[in-house]
1. If I ask for residues that are free of Cβ contacts under 8 Å to residues at least 24 places away in the same chain and either touching a Phe, Trp or Tyr at 6+ places or on another chain (Cβ under 6 Å) or over 15 Å from C537 (Cβ atoms) (or both), which ones from segment 465-491 would you list?
2. Being modelled with pLDDT under 70, farther than 15 Å from E436 by Cβ and of a type in the set (A, V, I, L, M, F, W, C) is the filter here; which residues of segment 77-134 pass it?
3. Hey, does segment 424-435 have a residue that's open to solvent by 50 Å² or more (accessible area, probe 1.4 Å), more than 25 Å from I90 (Cβ to Cβ) and in contact with a Ser or Thr (Cβ under 8 Å, 6 or more places away or on another chain)?
4. Output the residue which, of all residues in segment 296-311 that are in contact (Cβ under 8 Å) with a residue 24 or more places away in the chain and closer than 13 Å to M345 by Cβ, is nearest to the chain's Cα centre (by Cα).
5. Restricting attention to segment 514-530, does a residue exist that is under 38 Å from the mean Cα position of the chain (by Cα), open to solvent by 30 Å² or more (accessible area, probe 1.4 Å) and either modelled with pLDDT under 95 or of a type in the set (G, A, S) (or both)?
6. Using the structure shown, decide if I354 is open to solvent by 50 Å² or more (accessible area, probe 1.4 Å), assigned to a helix (DSSP H, G or I) and either outside the structural domain of V323 (by the TED database) or at pLDDT 95 or above (or both).
7. Given the residues N403, N375, N366, N409, which is the only one that is surrounded by fewer than 19 Cβ atoms within 10 Å (Cβ to Cβ), over 30 Å from V221 (Cα atoms) and in contact (Cβ under 8 Å) with a residue 40 or more places away in the chain?
8. State which residue is nearest to Y475 (Cα to Cα) when the search covers only segment 538-553 and only residues that are in contact with a Phe, Trp or Tyr (Cβ under 9 Å, 6 or more places away or on another chain) and open to solvent by less than 50 Å² (accessible area, probe 1.4 Å).
Amino acid sequence: GMSLSAGSSPLHSPKITPHTSPAPRRRSHTPNPANYMVPTSASASVTNAVSQPPSTGQVIQKETVGGTTYFYTDTTPAPLTGMVFPNYHIYHPAAPHVAYMQPKANAPSFFMADELRQELINRHLITMAQIDQADIPAVPAEVDSYHSLFPLEPLPPPNRIQKTSNFGYITSCYKAVNSKDDLPYCLRRIHGFRLVNTKCMVLVDMWKKIQHSNIVTLREVFTTKAFGEHSLVFAYDFHAGGETMMSRHFNDPSADAYFTKRKWGQHDGPLPRQHAGLLPESLIWAYIVQLSSALRTIHTAGLACRVMDPTKILVTGKTRLRVNCVGIFDVLTFDNSQNNPLALMAQFQQADLISLGKVVLALACNSLSGIQRENLQKAMELVTINYSSDLKNLILYLLTDQNRLRSVNDIMPMIGARFYTQLDAAQMRNDVIEEELAKEVQNGRLFRLLAKLGTINERPEFQKDPTWSETGDRYLLKLFRDHLFHQVTEAGTPWIDLSHIISCLNKLDAGVPEKISLISRDEKSVLVVTYSDLKRCFENTFQELIAAANGQL
């Protein structure tokens, strides 16, 4: 097409007087071409479409490729008479089922827009966090194929001798980046452990195959001397911003004080939970559904969790749980004399159910003191007073010795319809997040447009031509930039309207046939162009820059 051009522009501000702010949702749009929804084929050299009578609603496509003719039926619906679609992107209002969504009583609360944004920013910060190697020399620069190690918990002192009560070894945890895929992972280091037999890798391979929304996936296990001693390292998926259930719910000394100081048997009826400082029952059931789902997947795979403990359960967001550190006990306690490494799994699976019962009881009491043997009777009385019989029966079933092997599937009838409550909450949460995504989905495209426009406007020199950005197609794009950002009111004050900027950028991206007037800064020239003309100038100019950057000019 013809190149639109003009002379160099004066350098003072434009005097364009907009009278009204463009409404982002109420405007007349140019109707789409008639073939907006007509199926097309770009792969054929010759394409002929023969339409059957409208009553069939189908189109017979005829394509000739390499001398061979093919016929096929295209079931894509033809455009309905009178249908008009916008020919550029516009922002739609919120869906009514989200706009009028009411939080249900005792249901887990949902992130609002600002809360969700802050949560994501915090996760990004944690993911990108690094340490000053000079301040913490004990952390090596590289461990196997991982680099940029960042401690996720306080490092144990170098002269520490006592071992942790969880695994029987001193452990430390780091965030690190794998040089093979440049993704962040969580490394759990077992200090001073020498792996003498690799038969346990059979169990590690089984764990690596498990992927579940409530389990932190194990990726690999390796030995290293990078820390100055023999160490065993477990690499897991990294979930930024996660905290343990212990720190989320059992880090308040006052909760234990309430539980231990209560005068049991002297109450005048049930106390309200909000006054007792106990957790809502809906939250406890949400945790039960997630933990039992994780156990069900683990047990079905023929493995045992063995880390169903508040210190090994991660909480991210409001109520999302993930079982962490799976597979560590299977390696640390592996018995080389056992011919079958899965021989004891049935026994460990029964222990998992007891551990689940203890976790649920501790949550119901909001105190770890409740799971101590001397406090079990008091704890069950508290559950009976404040919670439903279903929750009490579930805890009793998990903690009581049975004459037969139990399965995690046995507690499904006790969960009952509460499973649908959690499913409903998850789907409502999904609706809210999708609506937030819909608000931001066009931002990347608009940013790319502005970035390309910024590489063209006001470029000091191109191909040794200092006037390049002020002539030809580039001058049109400069005037369009003024039309976007530099408009003023009748009083000469800046006119700032984000909807105007977004609307014009979307029209430019689509190349609509709508015409606009671009006025030079000295107001002596008025150029009437269409967005289609501007898009052609824009694309040609940017391709010229790309060609020069790639050495093709």
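1. Initially, segment 465-491 is screened for residues free of Cβ contacts under 8 Å to residues at least 24 places away in the same chain, giving 465-466, 468-469, 484-485, 491.
If the condition is that a residue be free of Cβ contacts under 8 Å to residues at least 24 places away in the same chain and either touching a Phe, Trp or Tyr at 6+ places or on another chain (Cβ under 6 Å) or over 15 Å from C537 (Cβ atoms) (or both), then D465, P466, W468, F485, A491 are the ones that fit.
2. Scanning segment 77-134 gives A78, L80, A105, A107.
3. Step one: filter segment 424-435 for residues open to solvent by 50 Å² or more (accessible area, probe 1.4 Å), giving 424, 426-427, 429-430, 433-434.
If we keep only those that are more than 25 Å from I90 (Cβ to Cβ) too, we end up with 424, 426-427, 429.
Among the residues that remain, those that are also in contact with a Ser or Thr (Cβ under 8 Å, 6 or more places away or on another chain) are: none.
Looking for residues that are open to solvent by 50 Å² or more (accessible area, probe 1.4 Å), more than 25 Å from I90 (Cβ to Cβ) and in contact with a Ser or Thr (Cβ under 8 Å, 6 or more places away or on another chain), one finds none in segment 424-435, hence no.
4. Ranking the qualifying residues of segment 296-311, first place goes to I298.
5. Going residue by residue through segment 514-530, those that are under 38 Å from the mean Cα position of the chain (by Cα) are none.
Scanning segment 514-530, I find no residue that is under 38 Å from the mean Cα position of the chain (by Cα), open to solvent by 30 Å² or more (accessible area, probe 1.4 Å) and either modelled with pLDDT under 95 or of a type in the set (G, A, S) (or both), so the answer is no.
6. Details: open to solvent by 50 Å² or more (accessible area, probe 1.4 Å): yes; assigned to a helix (DSSP H, G or I): yes; either outside the structural domain of V323 (by the TED database) or at pLDDT 95 or above (or both): yes.
Taking the combined requirement at face value, the residue satisfies it.
7. On the way: N403 fails: in contact (Cβ under 8 Å) with a residue 40 or more places away in the chain; N375 fails: surrounded by fewer than 19 Cβ atoms within 10 Å (Cβ to Cβ); N366 fails: surrounded by fewer than 19 Cβ atoms within 10 Å (Cβ to Cβ).
Checking each option against the conditions leaves just N409.
8. Applying the first criterion (in contact with a Phe, Trp or Tyr (Cβ under 9 Å, 6 or more places away or on another chain)) to segment 538-553 yields 538, 544-545, 548.
Those left that are additionally open to solvent by less than 50 Å² (accessible area, probe 1.4 Å): 538, 545, 548.
Numbers: F538: 11, L545: 15, A548: 19 Å.
Of everything passing the filter in segment 538-553, F538 is nearest to Y475 (Cα to Cα).
The values are calculated or read from the model by the stated rules, or taken from the named source; none is laboratory data. This one's a predicted model, so the numbers in the text were calculated from it and none came from an experiment. Glycine also receives a Cβ, built like all others from the backbone with ideal geometry; neighbour counts cover every protein chain displayed. Surface accessibility is based on the protein's heavy atoms, side chains included, excluding ligands, DNA and RNA. Shrake-Rupley method; radii C 1.70, N 1.55, O 1.52, S 1.80 Å.
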